[in-house]
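The values are calculated or read from the model by the stated rules, or taken from the named source; none is laboratory data. As the structure is a prediction and not an experimental result, all values here were calculated from the model. Virtual Cβ from ideal backbone geometry, glycine too; neighbours counted across all protein chains shown.
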C-alpha cells in the first residue's frame, strides 16, 4: 500500500510503484490510496488503467477524514492479501524487500515486521550537523534501533508490514495522531497501533528486519534546522497523544532507553569528534540537545492540551470494504 496526496510527488509515486512491481516475491496487488485530491486520483487512474484491469494496481480514494491514518485504514479495508506492506510515496524498495518481510511470518506469533529505511539526501550527502540519532525526523531508521532481525515495540510506518488479522484484533490506525494534510508534521500512529496490538494479542511478536530495505528521499527543506525544530516538537505532541491512548508506561518505554543511553552517547561522540577536529561534531551534539528540548516541550504541551480535552482521536475497527477476495498469489498473498 502506498498512500499519496500530492501531484508534486508524481515521479516519486511512479518510482515507488515500479519498485514494488519488480520485487523478487511478487505482490498480490498494489494499492494506491489518494488523500482527498481529485486531480491526482483521476491522473493515477489513467496512468494505471491497464494494470487495474489485470488486478495489479488499484487506485482508491481515502474514504475517511483527511490524513495518513484514514488513508491506510481505507487500504486495509480493501486489501485482498493476508499480509499488508506499507511503502512511503517518496521511497523505493530494494528487490528483496517483500521476500524478507514474508520470511518473518513463518512464525505464527509474528504480527508485524518493519524494515530499514535509508535516507537519500537531496544534497547528495548527510548535512554535517544532522545526527544519525535523529534520522526519524526525516522518516528513516535511526541510530539506536537494533541490527539484524530483532523484537521491537513498534515498526516505522513508512516501511512496515502487518498480518491482515492484526487489524481484526486491534483495529486500525488512530486518526488524530499522525500526518494530516497541511497541519503540523505529527507522527506516532504506528507506535500507538503496535502497542495496542501487543495488548490485544498476548504473545504477539513485532520485529524489525534490516534486510528489508527501502531508500527514502529527503528533500532540502527537511535538512534545515527550522524543520528539525518543528518536527521534533510535533513528535512530542504525538507522544503525548500516544501516552494518553495506551498509558505513559507503555507509550514511553522505548523512549526512556533512547533518551538515557542513545542520546547521551551521541552528544559525547559529537563533542569528541569536535575535539579531534572532525567537521560537524559540535553541531551534531548541539542538535541532539535541541532535539530533546523541543520534543520534551511538545510532550508537555501535548499533555496539557489532552488533559484539557483539546485533542480527540479515534482508533476504531477497520470496516470491511465491498471488495471481492481474489485468489492468493505468492506464499501469503502479500499486498504492497
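Please find, within region 52-68, the residue that is surrounded by the most Cβ atoms within 10 Å (Cβ to Cβ) out of those that are free of Cβ contacts under 8 Å to residues at least 12 places away in the same chain and assigned to a helix (DSSP H, G or I).
Among residues in region 52-68 that are free of Cβ contacts under 8 Å to residues at least 12 places away in the same chain and assigned to a helix (DSSP H, G or I), the one surrounded by the most Cβ atoms within 10 Å (Cβ to Cβ) is 52.
Output the residues belonging to region 96-118 that are closer than 29 Å to residue 226 by Cβ and buried (at least 23 other Cβ atoms within 10 Å of the Cβ).
The initial filter retains those residues of region 96-118 that are closer than 29 Å to residue 226 by Cβ, namely 114, 116-118.
Answer for region 96-118, where residues must be closer than 29 Å to residue 226 by Cβ and buried (at least 23 other Cβ atoms within 10 Å of the Cβ): 114, 117.
Quick one: how many residues across region 266-289 are in contact with a helix residue (DSSP H, G or I) (Cβ under 9 Å, 6 or more places away or on another chain), more than 22 Å from residue 233 (Cα to Cα) and free of Cβ contacts under 8 Å to residues at least 60 places away in the same chain?
Total satisfying the criteria: 9.
What number goes with the only condition from (1) closer than 23 Å to residue 8 by Cβ; (2) crowded, with 21+ Cβ neighbours inside 10 Å that residue 76 does not pass?
The number of the failed condition is (1).
Looking at 195, 208, can you tell me which residue is closer than 22 Å to residue 86 by Cα and either modelled with pLDDT of 95 or more or in contact with a strand residue (DSSP E or B) (Cβ under 7 Å, 6 or more places away or on another chain) (or both)? I'd like the intermediate steps shown before the answer.
On the way: 195 fails: either modelled with pLDDT of 95 or more or in contact with a strand residue (DSSP E or B) (Cβ under 7 Å, 6 or more places away or on another chain) (or both).
The match here is 208.
Applying the selection to region 257-275, what residues are over 11 Å from residue 133 (Cβ atoms) and either modelled with pLDDT of 95 or more or surrounded by 15 or more Cβ atoms within 10 Å (Cβ to Cβ) (or both)?
Across region 257-275, the qualifying residues are 268, 271, 272, 273, 274, 275.
Residue 315 - would you say it is surrounded by 13 or more Cβ atoms within 10 Å (Cβ to Cβ), farther than 29 Å from residue 62 by Cα and modelled with pLDDT under 85?
Answer is no for this residue.
Looking only at region 1-33, count every residue that is without any contact (Cβ under 8 Å) to a residue 40 or more places away in the chain and either over 17 Å from residue 46 (Cα atoms) or part of a helix (DSSP H, G or I) (or both) and tell me the total.
Residues in region 1-33 being without any contact (Cβ under 8 Å) to a residue 40 or more places away in the chain and either over 17 Å from residue 46 (Cα atoms) or part of a helix (DSSP H, G or I) (or both): 6 in total.
Within region 193-200, can one find any residue that is outside any strand (DSSP E or B), crowded, with 22+ Cβ neighbours inside 10 Å, without any contact (Cβ under 8 Å) to a residue 60 or more places away in the chain and within 15 Å of the chain's Cα centre (by Cα)?
yes
May I ask you to verify whether residue 61 is at pLDDT 95 or above and under 25 Å from residue 190 (Cα atoms)? Give the steps one after another, and end with the answer.
On the way: at pLDDT 95 or above: yes; under 25 Å from residue 190 (Cα atoms): yes.
Answer is yes for this residue.
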